[in-house]
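The values are calculated or read from the model by the stated rules, or taken from the named source; none is laboratory data. Treat the numbers as computed from the prediction; the structure is a model and nothing was measured. Cβ: placed from backbone, ideal geometry, glycine included. Neighbour counts: every protein chain shown. When the accessible area is computed, the model is the full protein with side chains, heavy atoms only, and any ligands, DNA or RNA have been set aside. Shrake-Rupley method; radii C 1.70, N 1.55, O 1.52, S 1.80 Å.
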Amino acid sequence: MAPDSATGSGPTARRLVLGSQLRRLRESKQISREDAGYAIRGSGSKISRLELGRVGFKERDVADLLSLYGVADQSERESFLDLVRRSNEPGWWNRYNDLIAPWFQDFVGLEESASRIQTYELQFVPGLLQTERYARAVATQGRPEAEDEEVDRRVRLRMQRQRMFAQPKSPRVWAVIDEAVLHRPIGGKSVMREQIESLLDSTKLPTVTLQVLPFSLGRSAAEGAYTILRFAEPEIPDIVYLEHLCGALYLDKPEEVETYSKASHRLAVDALTPEGSRKLMQDRLREF
């Protein structure tokens, strides 16, 4: 079956779809990863990385795999090879590659391709909802003297990620933030006032749902911040993204995603309703 998904998605999603399709073809022929790797002058681990969409594809490799898997129809082969070419197109974030780690480049590509983004934050406003001044304060860690061209570019990258909200098929964003986020004076009172006003404006968007987890709860269904990326393409599994000091984790095993999905459902119940969250933010705004 020729790949017909991810037509309008970014290169990261196309790579994931292509890898999934190739895995299905290989398994239908009962060919091992090692044998497939040998056919393209590689190894079983290379096939694994290709099928998971973790690396770029070469047309020659895919053509050889299609022959091995018995795909002889020329139009079907061309559909696969066309997807190879489009999956290798650089994403808009490519110009920032010198600034961002490879593991975060993957996240930006996946975020762009997601149909639904669920996120929970304890310390900061989610990146997709940050104002430029707030993002700059985060990037400089509250030290204005640290501003330079690199900081400017990091802030531009964050602002450009937010352009997805202006797209016809903007992903739905559901965010839960701990109430502490509204009290932590990132950038000072003026920056926080502007940020909270922006959060209130964002709740007017049909694609954004924002809830606040109040101090009064005293507990949380999750131990740390995380993001769940969900995709319209059935070939792409839901992915949980977790950052840590040395990098990030991408969890896509069904049982792992289910654990975080249950935590998200619990957070939605425990947090204030969207209406209650807006009222709390309005009260916080008046305190400024």
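Going by alpha carbons, how many degrees (0 to 90, nearest 10) lie between the helix axis of 11-28 and the longest principal axis of the chain? So the inclination is approximately 40 degrees. Roughly speaking, to the nearest percent, how much of the stretch 84-156's 1.4 Å accessible area is carbon and sulfur? It is 45 percent, rounded to a whole number.
Counting only alpha carbon atoms, the long axis of helix 254-270 and the longest principal axis of the chain meet at about 20°.
Taking every alpha-carbon pair under 8 Å whose residues sit at least 6 apart, the stretch 1-91 reaches a relative contact order of 38 percent.
Over the stretch 128-271, what is the mean sequence separation of C-alpha contacts under 8 Å (at least six apart), divided by residue count, expressed as relative contact order in percent?
RCO, the stretch 128-271: 21 percent.
For the chain, the solvent-accessible area of protein heavy atoms averages 51 Å² per residue (probe radius 1.4 Å; ligands and nucleic acids excluded).
Give, as ranges by residue number, the residues of the stretch 153-190 whose backbone N falls under 14 Å from the point 7 Å along Cα→Cβ of residue 132. It comes to 153-163, nothing else. Between the alpha-carbon centers of the stretch 46-105 and the stretch 116-130, tell me the distance in whole angstrom. The stretch 46-105 and the stretch 116-130 have Cα centres spaced 30 Å from each other. Of all DSSP beta bridges confined to the stretch 93-252, the antiparallel ones make up roughly 50%. Placing unit charges on each Cβ (+1 for Lys and Arg, -1 for Asp and Glu) gives the chain a dipole about its Cα centre, and among 37, 75, 90 the Cα reaching farthest toward its positive end belongs to 90.
What base-10 log of the normalised intensity I(q)/I(0) is obtained for the chain from the Debye formula, alpha carbons as equal point scatterers, at q = 0.10, 0.12 Å⁻¹? For the requested q values the scattering log ratios are -0.61, -0.83. From most to least packed by mean Cβ count within 10 Å, the peptides 273-283, 124-134, 229-239 give 124-134, 229-239, 273-283.
For the set 58/262; 204/262; 58/253; 58/169; 169/253, the pairs lying more than 32 angstrom apart at their alpha carbons are 58/262.
Taking every C-alpha pair closer than 8 Å and separated by at least 6 residues, the mean separation divided by the residue count of the chain gives a relative contact order of 18 percent. Over the residues of the chain, the helix contribution to mean residue ellipticity at 222 nm works out to -15000 deg cm²/dmol, using -39500 (n - 2.57) for each DSSP H run of at least 4. Proximity of backbone amide H atoms, modeled 1.01 Å from N, is registered between residue 232 and 115 at under 5 Å, excluding neighbours fewer than 5 places apart on the same chain.
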